[in-house]
Structure formats: structure tokens, C-alpha cells
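Q: Quick one: this structure, given as C-alpha cells, is what I'll be asking you about.
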Ligand SMILES: [Zn+2]
């Protein structure tokens, strides 16, 4: 008998799969799970798959994938139409406050509609205030037997120890750019290759982010191209051309965030040149293609110097120095 297929629609994440499968096998799934990872890393999908798995009509059949994805319960939970999956979010507020947690408590003892369980997806759990965490703690300590909580967060260390001790932390896998590139190529066989490579490198290891960058990442992809060109000019040492390029960037003068983004990306690119010399992982350039030929002869010392100057320019822009002055100085000194 082969091993059972668990979470068929989730990419990678073998550790999470194994943890959950062994919990389920022993019939001791937790009352709460912390799903940790950056946005776009599949936390919502994982939560829905776990929820579906606990109610799947074929959960006792070892020959069926878990969840099966086709029974009524699976279709409702995975399709987002189950009224027993409740999402708690902070809306426009900066933190998730005690008010939102109070609404959880008010509905906690309302029994599930369809199946034997109901689920709370608490988004941005790392932004819960301490009062909110303490309020939630009471529910985590003695939840009704049918309730399963998912705490979706970017950084589990921001949760109180008392919460973490009641909810196992499941970390979403971060994928390497080369893996994301391949995944995107399969999903978008006709897409422009540069677009795929760029999205794979800007995704910070998250497949969902890569996917949305690929589909509608207009500005971000454009920033990447501008950073590439800036690095090419800087490395060529053509000061007047670099200055002309920087001044003519099609950005609004008040668009400081984007200017900083372009400078940050340029810094990543130059960092890659050093990384390649030392056998490290590339962050900006594609691992398959490596750094561009014109970057190969640049010394580590020159790279370090450019990184410092780019960082300085970023700081100046953050400190409200007029961007055109910063850019002129960067070109003149680089
Ligand atoms: Zn099912």
C-alpha cells in the first residue's frame, strides 16, 4: 500500500503535511494551529485543506487523497462557500484588537451548520494586541470541542508564549527562486520568460506572490528592469550616462517609496555579484542564468563600495532629501 496523498493541491510543504498527517492518524489534531509565513505563502490554502481534511467524507478511506476535494463538504470548504469557516480580520486598522476577538467569543458556542466542526481563520495574528491575545487565550484554553482555530501570521515569535504553547506552529515552506521559476513556467507556458524570472526573484520565496506578480505585477516588474539598467550603467562606470538615466526615470518626484525600491533592488543585484564569486545564493538574478557577463570582472571591493553608496542614497531619500539631488550625487560619486 502506498503512502496516502495528503493535501494534493498544496505545493511542497512536506513537513507540514507530515505533521498534520501524523496528528490526524493518531486522532489528536490540535484545537488551534499557527500557520506562519509571508503573504502569498499558502497559509489560507493550508488552513482550508486542514479544515476540509477533518470533515472530508472520505477521510477514513486510505485510498482517497486527504481531503478528497470532491465530496460536498470538501467542495464547500475549499470553494469558500462554507458558513462554518469564519474569517477574522483587522480590516483597515493597524492592529487586530480585542473587539474582533470579542466577536469570536460571541459566536463560539453557536454550533456548526453543516458538519461536526467549525473553523476560525484569524488573519494577521501577529498584529493582535496583547489584550486581544489574552482574550483569545481564554477561548484557546477551553474551546468547544467542535472548534478549530487557525492563526495566520508572518512571525509566530510575536505571539505570546502562552498562545504558542497551545497551538503548534506550522511553517510554510519558502521556495528557492529556481523552483518558483519552474513552477511559473508550467503554469504560464506562453508567458514572457523575463517576466517569469523576475517574478520568481521578487517573490521572497512565496508562490502566491510570484503568481500575482506574474499576472499583474506591472510596477514591480518595471522597477526590477530599472534597477537592472541602473546596475549595468553603474558597473560600466559611465557617470554622465548614469546621471542622465537616473534623472530621467519615469517616476513622480514624490514617489520616494519607488525610488527606494529601485535602489534596494540595485543593491541586491550588486550583492549577487559578490555572492556568485563566493558560491552563495542569488537573490536578484536568476540562478539558472547567473549574473550578467559585464558583472563578472567587477571586484568585491568595488561591489562593496557601490552597495554602501546605494544604501546612502536610500537613506537620504528616506530623510527627505530632494530625490533629484540624491540621484545626481549618486551618479557623480559612483
Ligand atoms: Zn472530501
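Q: When every alpha-carbon pair in the stretch 63-127 is counted, what percent end up more than 18 Å apart?
A: 48
Q: Between 92, 194, 57, which gets the highest mean-square fluctuation from a Gaussian network model of the chain, Cα cutoff 10 Å?
A: In the Gaussian network model the winner is 92.
Q: Can you give the calculated 222 nm mean residue ellipticity of the chain, where each DSSP H run of n ≥ 4 adds -39,500 (n - 2.57) and the sum is split over every residue, rounded to the nearest 500 deg cm²/dmol?
A: Dividing the helical sum by the residues of the chain leaves -15500 deg cm²/dmol.
Q: Something else about it: Taking N as the number of residues in the chain, what is its Cα Rg relative to 2.2 N^0.38 Å?
A: In units of the globular-protein estimate, the chain measures up at 1.20.
Q: To make sure I understand, if each residue's beta carbon is the centre and we count other beta carbons within 10 Å, what order do 172, 257 fall in, fewest to most?
A: 257, 172
Q: What are the semi-axes of the equivalent ellipsoid for the stretch 112-155, taken as the square roots of 5 times the Cα gyration tensor eigenvalues, largest first, in whole Å?
A: 21, 13, 7
Q: Report the gain in length on full extension from residue 137 to residue 300: 0.36 nm times residue separation, minus Cα-Cα distance, nm rounded to one decimal.
A: Value of the extension gain: 53.6 nm.
Q: Next up: Given the stretch 240-302, what whole percent of its Cα pairs are spread farther than 19 Å?
A: 43
Q: Just for the Cα atoms in the stretch 281-334, what are the lengths along the principal axes, largest first, rounded to whole Å?
A: Computed over the Cα atoms, the extents are 38, 19, 15 Å.
Q: Computed on alpha carbon atoms, what radius of gyration and Dmax characterise the stretch 125-194, expressed in Å?
A: For the stretch 125-194, the Cα radius of gyration and maximum Cα-Cα distance read 18.5, 53 Å.
Q: What base-10 log of the normalised intensity I(q)/I(0) is obtained for the stretch 217-333 from the Debye formula, alpha carbons as equal point scatterers, at q = 0.10, 0.16, 0.21 Å⁻¹?
A: For the stretch 217-333 at q = 0.10, 0.16, 0.21 Å⁻¹, log10 I(q)/I(0) is -0.27, -0.71, -1.20.
Q: What fraction of the DSSP beta bridges in the chain is antiparallel, stated in percent and rounded to the nearest 5?
A: Percent antiparallel among DSSP bridges in the chain is about 0.
Q: List the relative contact order of the chain as a percent without decimals, with contacts defined as Cα pairs under 8 Å and 6+ residues apart.
A: About 16 percent, as a whole number.
Q: So, one more: Counting other beta carbons within 10 Å of each Cβ, put 44, 201 in order, fewest first.
A: Listing 44, 201 from fewest to most nearby Cβ atoms yields 44, 201.
Q: Quick one: if the Förster radius is 35 Å, what FRET efficiency do residue 288 and residue 22 give, using the C-beta to C-beta distance and rounding to 0.05?
A: Result of the calculation: an efficiency of 0.45.
Q: A follow-up question, please. Counting other C-beta atoms within 10 Å, which of 28, 105 has the fewest, and how do the rest follow?
A: 28, 105
Q: When the convex hull of the C-alpha atoms of the stretch 176-216 is computed, what volume per residue in Å³ does it have?
A: 52
Q: Seen from all sides and averaged, what is the projected area of the convex hull of the Cα atoms in the stretch 130-252, in nm²?
A: Mean orientational projected area (the stretch 130-252, Cα hull): 12.6 nm².
Q: Now for a different question. What per residue convex hull volume, in Å³, do the alpha-carbon atoms of the stretch 14-171 yield?
A: Cα-based convex hull of the stretch 14-171, divided per residue, equals 111 Å³.
All of the numbers you see were taken from the coordinates with simple rules; none came from a lab. Worth saying up front: this structure is predicted, and the values here are computed from it rather than measured. Reconstructed Cβ throughout: ideal geometry from the backbone, glycine too, with neighbour counts over all protein chains shown.
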